[in-house]
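*Asks:* Structure in structure tokens, see below.
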Amino acid sequence: MYDEQQSPEHGPLAGFTVGVTAARRADELGALLQRRGASVLRAPALRIVPLADDSELLAATKELIDRVPDVVVATTAIGFRGWVEAADGWGLGETLLERLRGVELLARGPKVKGAIRAAGLTEEWSPSSESMAEVLDRLLAEGVDGRRVAIQLHGDPLPGFVEALREGGAEVVGVPVYRWMPPEDIAPVDRLLDAAIARGVDAITFTSAPAAASLLSRAEERGLLPELLSALNHDVLSACVGPVTALPLQALGVETVQPDRFRLGPLVQLLCQELPARARSLPVAGHQVEIRGHAVLVDGTLRPVPPAGMSLLRALSRRPGWVVARADLLRALPGAGRDEHAVETAMARLRTALGVPKLIQTVVKRGYRLALDPAADAKYADA
């Protein structure tokens, strides 16, 4: 569903709509986006299924207790806590912790360190970058030939990580603490897909590789993958929390943006930079007009615009100052049919929404044009 937050002073994301595919921490990410003015379309692309009763996790835990590894890599706080809690439930908690006290325990980041210490353990090392690539570099530099390395998986295989360790001679044991499953309610995902293809969202955020893979898989199931990829490659920004998250998208040729620090806050700040930078800003009829996703800034004042009006405005802005025929504008209107009267109706509503009717000129018997300032005409003459 859409969640909108109105504020007298618009934030940097005002006028933009952002899709959120996260399941865990979706509310936190949505709130961060809304506080900066964005409209949010929530569509959890997966759900996390704990494996407390799962035979696979129990078998892996018993194996590690019986054959203690040389190294244990903890990748997520929620996963490490879930592992210890599950072991407690099976009556193996204390034995597991005793085994972990005697191994080289590596933590991917500060949250995992907190979970390790809360269990009464101490990590030997944690990368400052919070990157699994740095963990891999350390292990390979130490040498892994003949060593047994246990990795707490976080829902999906770690691309290249396990393979690199095995090539180095390590025996790798996966600890599958929880796994990703498709969402129970697929309708929000379908709404996000439809919105992306219709350019009704300006960006989609991804906080895990499984969420990205799930959205792509659903698009393929519906026969919409080519249309989705076209949208992501041209109009809808793919914002990923980190490089691992981006892999399913990049594998299909989709360009992504990622923050320097793999956290929700930096991800939102990145959107605050990227989306306004992508908005078209034009000098029109003595006013500065910035065209955003579902709203327009006119001299810094936010003006919400109906979807039909935004379609017309985008069509006019592709060649600023040039006359666009009614027939061409009709084709730009979603579901308008063949009646050019629909253009006149949508145009009247657009002018009202903008609050400055003279921004758009009617050219009798020809169509409409943005009233581009004369000084800007030369710049856009060959646009």
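*Asks:* Among the numbered criteria (1) open to solvent by 20 Å² or more (accessible area, probe 1.4 Å); (2) closer than 30 Å to residue 17 by Cβ; (3) of a type in the set (Ser, Thr, Tyr), which one does residue 39 miss?
*Replies:* Going through the list (1) open to solvent by 20 Å² or more (accessible area, probe 1.4 Å); (2) closer than 30 Å to residue 17 by Cβ; (3) of a type in the set (Ser, Thr, Tyr), residue 39 breaks only (1).
*Asks:* For the list (1) more than 31 Å from the chain's Cα centre (by Cα); (2) open to solvent by 10 Å² or more (accessible area, probe 1.4 Å), I need the number of the one condition that residue 130 fails.
*Replies:* (1)
*Asks:* If a residue has to be over 17 Å from residue 283 (Cβ atoms) and basic (Lys, Arg) to count, how many in segment 355-373 make the cut?
*Replies:* The qualifying residues number 2.
*Asks:* Residues 99, 25: which one is of a type outside the set (Asp, Glu), on the phi < 0 side of the Ramachandran plot and open to solvent by 30 Å² or more (accessible area, probe 1.4 Å)? Quick ask: steps written out before the conclusion?
*Replies:* Working: 25 fails: on the phi < 0 side of the Ramachandran plot.
Only one candidate passes the filter, namely 99.
*Asks:* Can you find a residue that is among the small types (Gly, Ala, Ser) and assigned to a strand (DSSP E or B) anywhere in segment 157-165?
*Replies:* First pass over segment 157-165, keeping only residues among the small types (Gly, Ala, Ser): 160, 164.
Right, trim to assigned to a strand (DSSP E or B) and you get none.
No: segment 157-165 contains no residue that is among the small types (Gly, Ala, Ser) and assigned to a strand (DSSP E or B).
*Asks:* Based on this model, can you work out whether residue 319 counts as open to solvent by 80 Å² or more (accessible area, probe 1.4 Å), closer than 14 Å to residue 284 by Cα and touching a helix residue (DSSP H, G or I) at 6+ places or on another chain (Cβ under 8 Å)?
*Replies:* Working: open to solvent by 80 Å² or more (accessible area, probe 1.4 Å): yes; closer than 14 Å to residue 284 by Cα: yes; touching a helix residue (DSSP H, G or I) at 6+ places or on another chain (Cβ under 8 Å): yes.
Yes; evaluated as a whole, the condition is true for this residue.
*Asks:* Only one of 123, 142 is among the charged types (D, E, K, R), under 24 Å from residue 166 (Cα atoms) and open to solvent by less than 60 Å² (accessible area, probe 1.4 Å); which?
*Replies:* Values: 142 fails: open to solvent by less than 60 Å² (accessible area, probe 1.4 Å).
The unique qualifying residue is 123.
*Asks:* Could you tell me how many of the residues in segment 325-339 are farther than 20 Å from residue 353 by Cα and not in a helix (DSSP H, G or I)?
*Replies:* 5
*Asks:* Could I ask something else about it? Among the residues of segment 305-314, is any within 28 Å of residue 19 (Cβ to Cβ) and not in a helix (DSSP H, G or I)? Please lay out each step first, then the result.
*Replies:* Going residue by residue through segment 305-314, those that are within 28 Å of residue 19 (Cβ to Cβ) are 305-314.
Checking the rest, the ones that are also not in a helix (DSSP H, G or I) come to 305-306.
Yes, because at least one residue in segment 305-314 is within 28 Å of residue 19 (Cβ to Cβ) and not in a helix (DSSP H, G or I).
*Asks:* Still on this structure: Name every residue in segment 183-197 that is closer than 17 Å to residue 210 by Cβ and surrounded by 20 or more Cβ atoms within 10 Å (Cβ to Cβ), in order of residue number.
*Replies:* Answer for segment 183-197, where residues must be closer than 17 Å to residue 210 by Cβ and surrounded by 20 or more Cβ atoms within 10 Å (Cβ to Cβ): 189, 192, 193.
*Asks:* Here is a follow-up. From the list 31, 38, 77, 26, exactly one residue is in contact (Cβ under 8 Å) with a residue 40 or more places away in the chain and among the small types (Gly, Ala, Ser). Which is it? Spell out how you get there, then give the answer.
*Replies:* Details: 31 fails: in contact (Cβ under 8 Å) with a residue 40 or more places away in the chain; 77 fails: in contact (Cβ under 8 Å) with a residue 40 or more places away in the chain; 26 fails: in contact (Cβ under 8 Å) with a residue 40 or more places away in the chain.
Going through 31, 38, 77, 26 in turn, the sole match is 38.
*Asks:* Kindly indicate which of 33, 41, 13 is at pLDDT 95 or above and either part of a strand (DSSP E or B) or among the basic types (Lys, Arg) (or both). If you could, list the steps in order and put the result at the bottom.
*Replies:* Numbers: 33 fails: either part of a strand (DSSP E or B) or among the basic types (Lys, Arg) (or both); 13 fails: either part of a strand (DSSP E or B) or among the basic types (Lys, Arg) (or both).
Criteria check complete, one pass: 41.
*Asks:* Looking for whichever is free of Cβ contacts under 8 Å to residues at least 60 places away in the same chain, under 19 Å from residue 197 (Cα atoms), under 33 Å from the mean Cα position of the chain (by Cα) and open to solvent by less than 30 Å² (accessible area, probe 1.4 Å) here; the options are 329, 313, 275. Which one fits?
*Replies:* Numbers: 329 fails: under 19 Å from residue 197 (Cα atoms); 275 fails: free of Cβ contacts under 8 Å to residues at least 60 places away in the same chain.
From the options 329, 313, 275, the qualifying one is 313.
*Asks:* Considering only residues of segment 52-87 that are polar (S, T, N, Q) and open to solvent by 10 Å² or more (accessible area, probe 1.4 Å), which is farthest from residue 262 (Cα to Cα)? Write out each step before concluding.
*Replies:* Going residue by residue through segment 52-87, those that are polar (S, T, N, Q) are 55, 61, 75-76.
Filter once more, so that each one left must be open to solvent by 10 Å² or more (accessible area, probe 1.4 Å): 55, 76.
Working: 55: 32, 76: 13 Å.
The residue in question is 55.
*Asks:* Output the residues belonging to segment 226-247 that are over 20 Å from residue 27 (Cα atoms), open to solvent by less than 30 Å² (accessible area, probe 1.4 Å), touching a helix residue (DSSP H, G or I) at 6+ places or on another chain (Cβ under 6 Å) and in a helix (DSSP H, G or I).
*Replies:* Matches in segment 226-247: 228, 231.
*Asks:* Still on this structure, please answer the following. Tell me the residue from 293, 286, 223, 253 that is free of Cβ contacts under 8 Å to residues at least 24 places away in the same chain, open to solvent by less than 70 Å² (accessible area, probe 1.4 Å) and more than 18 Å from residue 26 (Cα to Cα), please.
*Replies:* Working: 293 fails: free of Cβ contacts under 8 Å to residues at least 24 places away in the same chain; 286 fails: free of Cβ contacts under 8 Å to residues at least 24 places away in the same chain; 253 fails: free of Cβ contacts under 8 Å to residues at least 24 places away in the same chain.
None of the other options fit; the residue is 223.
*Asks:* Still on this structure: Looking at 112, 149, which is the one that is modelled with pLDDT of 95 or more, in contact with a strand residue (DSSP E or B) (Cβ under 6 Å, 6 or more places away or on another chain) and either crowded, with 17+ Cβ neighbours inside 10 Å or aromatic (Phe, Trp, Tyr) (or both)?
*Replies:* Details: 112 fails: modelled with pLDDT of 95 or more.
Sole residue among the options that is modelled with pLDDT of 95 or more, in contact with a strand residue (DSSP E or B) (Cβ under 6 Å, 6 or more places away or on another chain) and either crowded, with 17+ Cβ neighbours inside 10 Å or aromatic (Phe, Trp, Tyr) (or both): 149.
*Asks:* Which of the residues belonging to segment 355-374 are in contact (Cβ under 8 Å) with a residue 60 or more places away in the chain and within 10 Å of residue 313 (Cβ to Cβ)?
*Replies:* As a first pass, look at segment 355-374 and keep what is in contact (Cβ under 8 Å) with a residue 60 or more places away in the chain: 356, 358-359, 370-373.
Within segment 355-374, 359, 370 qualify.
The values are calculated or read from the model by the stated rules, or taken from the named source; none is laboratory data. Because the structure is predicted, anything quoted here is derived from the model rather than measured. Positions of Cβ are generated from backbone atoms using ideal geometry, with glycine treated the same way; all protein chains shown enter the neighbour counts. Note: areas computed on protein heavy atoms with side chains; ligands, DNA, RNA excluded. Shrake-Rupley method; radii C 1.70, N 1.55, O 1.52, S 1.80 Å.
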